[in-house]
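Below: one structure, written as structure tokens.
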Amino acid sequence: MVMPPANNLAITDRLNRPLHDLRISVTDRCNFRCVYCMPKSIFNKDYEFLKRDQILSWDNIVSVVQAAAPLGVRKIRLTGGEPLIRKDLENLIERIAIVDGIDDISMTTNAALLSRQRAESLKRSGLKRINVSLDAMDDKTFHVMNDMGVDVASVLQGIDNAAAAGIENVKVNMVVKAGLNDHSILPMAKHFHGTGQILRYIEFMDVGNSNSWDMKDVITSGQIAKIINAEMPIEPAEANYQGEVAKRWRYLDGGGEIGIISSVSEPFCGDCSRARLSATGSIYTCLFASQGHDLRAHLASGDNDALRDHLRQIWEVRSDRYSETRSQVVTFRPKVEMSFIGG
Ligand code: SAM
Ligand code: SF4
Ligand code: SF4
């Protein structure tokens, strides 16, 4: 039998944006307490993390991917919380890798748990790419950022383990928060210059309601580029594809490139083709959403066509563009936490 093309039902939202990426949060727990994401003042022993039975099974996650692929989803990113906390992630990856239409599976991780053995088994299961978060090159600053006493060396070892296991395209994400780690912008650039590992700076974002975000703590993409350019000259480079989140800059001396993700100072909602699935089974159509769309009833019914239609309906009425309208938002509104929905 001739199968129809996997994207035969490809959809767009109200702003004509396709659904192309699905980010899947596999846990809300983490072994770090990054100050900009899970500050200890809130994420402490009194915080109620999800219980085992509230978290989607792999069967359910695979069903969502199977329903999303015909609608246009090609790229899957596993995230959290810290995805490596889930010991059987390989099994999920293997199952997603064989879904018709999915051609890219990646993961965002803090890499502290990424042993050589784990990196190899992830690679074998079908993980193609990895983004590692690292916010400083010196332990003193990094300890302040992760607030769990994790050393830089353990993350660098994780990055090496990923590369040694043959996971291509290791990228490194650094969130920059004024007064905390902005002095690490240059040391980070120097460390990754010429390594082939692309460093991406991320503006500190007002995700969730826990991280006491303030515009004065944001070092903008323009400021970051200026700091780097003063010592290591760079020029803008073409985007690899439409909708690429990071703006690319190339070192003039041939030492590779960096990326800067400027959700705050230069929003990119116009090209946003990302949906997010929380560990509890809700779809969020924006990182800054107040509420998700609960899929659990559809998952429980086992009717995959109905699940796909439900996803289509959710996407077709989507009009989110929070970052472009951020300055107009004057009243408090609840937003989902980054550790719940994933980056
Ligand atoms: N634990 C994994 C990690 O840190 O890579 C995956 C989940 S984490 C929520 C995903 C990404 O979100 C990380 O790169 C992290 O640095 C970024 N992130 C978290 N809070 C942020 C914030 N307030 N502003 C900008 N980026 C943030
Ligand atoms: Fe954990 Fe990642 Fe959030 Fe840091 S950014 S607290 S590593 S989920
Ligand atoms: Fe996409 Fe929302 Fe971010 Fe805009 S603010 S780029 S719509 S996730």
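The values are calculated or read from the model by the stated rules, or taken from the named source; none is laboratory data. Just so you know, these numbers come straight off a predicted model, no measurement behind them. All Cβ positions, glycine included, derive from the backbone under ideal geometry; neighbour counts span all protein chains shown.
Identify all residues within the range 76-110 that are within 10 Å of ligand 1 (Cβ to nearest atom) and within 13 Å of residue 129 (Cβ to Cβ); write none if there are none. Of everything in the range 76-110, those that are within 10 Å of ligand 1 (Cβ to nearest atom) and within 13 Å of residue 129 (Cβ to Cβ) turn out to be 77, 78, 79, 107, 108, 109. The single condition from (1) within 16 Å of ligand 3 (Cβ to nearest atom); (2) part of a loop (DSSP other than H, G, I, E, B); (3) not β-branched (Val, Ile, Thr) that residue 41 fails is (1). Being farther than 20 Å from residue 112 by Cα and among the aromatic types (Phe, Trp, Tyr) is a description that applies to residue 204. Going through (1) of a type in the set (A, V, I, L, M); (2) surrounded by 17 or more Cβ atoms within 10 Å (Cβ to Cβ); (3) more than 14 Å from ligand 1 (Cβ to nearest atom); (4) at pLDDT below 95 one by one, residue 170 falls short only on (3).
Test of understanding: among 230, 239, which residue is among the aliphatic types (A, V, I, L, M), assigned to a loop (DSSP other than H, G, I, E, B) and without any contact (Cβ under 8 Å) to a residue 40 or more places away in the chain?
Every option except 239 fails the conditions.
Evaluate the following for residue 85: is it of a type in the set (Val, Ile, Thr) and over 22 Å from residue 338 (Cα atoms)? Against the criterion (of a type in the set (Val, Ile, Thr) and over 22 Å from residue 338 (Cα atoms)), residue 85 does not qualify.
If only residues of the range 274-286 that are buried (at least 19 other Cβ atoms within 10 Å of the Cβ) and part of a loop (DSSP other than H, G, I, E, B) are counted, the one that is farthest from the chain's Cα centre (by Cα) is 281.
In the condition set (1) surrounded by fewer than 20 Cβ atoms within 10 Å (Cβ to Cβ); (2) in a loop (DSSP other than H, G, I, E, B); (3) under 20 Å from the mean Cα position of the chain (by Cα), residue 334 is compliant with all but (3). Keeping to the range 293-307, report how many residues are crowded, with 20+ Cβ neighbours inside 10 Å and not hydrophobic (A, V, I, L, M, F, W, C). Selection size over the range 293-307: 1.
Before we move on, is residue 210 within 16 Å of ligand 2 (Cβ to nearest atom), surrounded by 17 or more Cβ atoms within 10 Å (Cβ to Cβ) and of a type in the set (Gly, Ala, Ser)? For residue 210, the condition - within 16 Å of ligand 2 (Cβ to nearest atom), surrounded by 17 or more Cβ atoms within 10 Å (Cβ to Cβ) and of a type in the set (Gly, Ala, Ser) - is met. Taken together, the residues in the range 78-105 that are away from ligand 2 (no atom under 13 Å from the Cβ) and within 16 Å of the chain's Cα centre (by Cα) amount to 2. Of all the numbered requirements in (1) surrounded by fewer than 17 Cβ atoms within 10 Å (Cβ to Cβ); (2) charged (D, E, K, R); (3) in contact (Cβ under 8 Å) with a residue 60 or more places away in the chain, residue 135 misses one, and that requirement is (1). In this structure, residue 243 qualifies as more than 16 Å from ligand 2 (Cβ to nearest atom), in contact with a helix residue (DSSP H, G or I) (Cβ under 6 Å, 6 or more places away or on another chain) and either hydrophobic (A, V, I, L, M, F, W, C) or at positive phi (or both). When the range 149-158 is filtered for residues that are surrounded by fewer than 16 Cβ atoms within 10 Å (Cβ to Cβ), of a type in the set (A, V, I, L, M, F, W, C) and under 13 Å from residue 31 (Cα atoms), nothing remains.
Pick from the range 12-31 the residues that are in contact with a strand residue (DSSP E or B) (Cβ under 9 Å, 6 or more places away or on another chain) and either buried (at least 22 other Cβ atoms within 10 Å of the Cβ) or at pLDDT below 95 (or both): which of them is farthest from residue 92 (Cα to Cα)? Among those that are in contact with a strand residue (DSSP E or B) (Cβ under 9 Å, 6 or more places away or on another chain) and either buried (at least 22 other Cβ atoms within 10 Å of the Cβ) or at pLDDT below 95 (or both), it is 19. For residue 279, are the conditions met, namely being more than 15 Å from ligand 3 (Cβ to nearest atom) and either under 27 Å from residue 217 (Cβ atoms) or touching a Phe, Trp or Tyr at 6+ places or on another chain (Cβ under 8 Å) (or both)? For residue 279, the condition - more than 15 Å from ligand 3 (Cβ to nearest atom) and either under 27 Å from residue 217 (Cβ atoms) or touching a Phe, Trp or Tyr at 6+ places or on another chain (Cβ under 8 Å) (or both) - is met. Take residue 326 and tell me if it is of a type in the set (Lys, Arg), outside any loop (DSSP other than H, G, I, E, B) and surrounded by 21 or more Cβ atoms within 10 Å (Cβ to Cβ). Considered against the rule, which asks whether it is of a type in the set (Lys, Arg), outside any loop (DSSP other than H, G, I, E, B) and surrounded by 21 or more Cβ atoms within 10 Å (Cβ to Cβ), residue 326 comes out as no. Whenever a residue of the range 316-343 is within 16 Å of ligand 2 (Cβ to nearest atom), its partners that are modelled with pLDDT of 80 or more and among the aromatic types (Phe, Trp, Tyr), lying with C-beta atoms within less than 9 angstrom and at least six residues away or across chains, give the pairs 335/288; 335/322; 336/284; 336/288; 337/43; 338/36; 339/43; 341/284.
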